[in-house]
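The values are calculated or read from the model by the stated rules, or taken from the named source; none is laboratory data. Every value quoted in this text rests on a predicted model; they were computed, and no experiment measured them. Glycine gets a Cβ as well: all are built from the backbone with ideal geometry, and neighbour counts include every protein chain shown.
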Amino acid sequence: MANQPNKTTAGTNIQEVRQQNAQSAQAGAAGQFGTEFGAETNVQEVKQQNAQAEARKSQNSSK
C-alpha cells in the first residue's frame, strides 16, 4: 500500500479524527454531553421502576 498523507497504516483519516476530537472537546466544555439523555428521562417512571425492583428484591430474599 502506498504511503498516503494524513492516513495511518490502518487507513484512518488523521484530519477527520482530529476534527472529531476537537468537536468532542468543545461539546464537553459546554456541558452538552449527558444532558441530551437527561432531557429524555422520565423521572417518575424511573422511580416507579426502582420501587418495583426493590419490592421484587425484598420478596425474593424473604423466600
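Just checking: which of the helices (runs of 4 or more DSSP H) contained wholly in the chain hold 2 or more residues that are modelled with pLDDT of 85 or more, out of contact with any strand residue (DSSP E or B) (no Cβ under 6 Å at 6 or more places or on another chain) and β-branched (Val, Ile, Thr)?
Answer list for the chain: 14-29.
List pairs: first residue in the range 17-45 and more than 25 Å from Lys7 (Cβ to Cβ), second residue modelled with pLDDT under 60 and not in a helix (DSSP H, G or I) anywhere in the structure, Cβ distance under 8 angstrom, at least six positions apart or on different chains.
Every condition considered, the pairs that remain are Ala27/Phe33.
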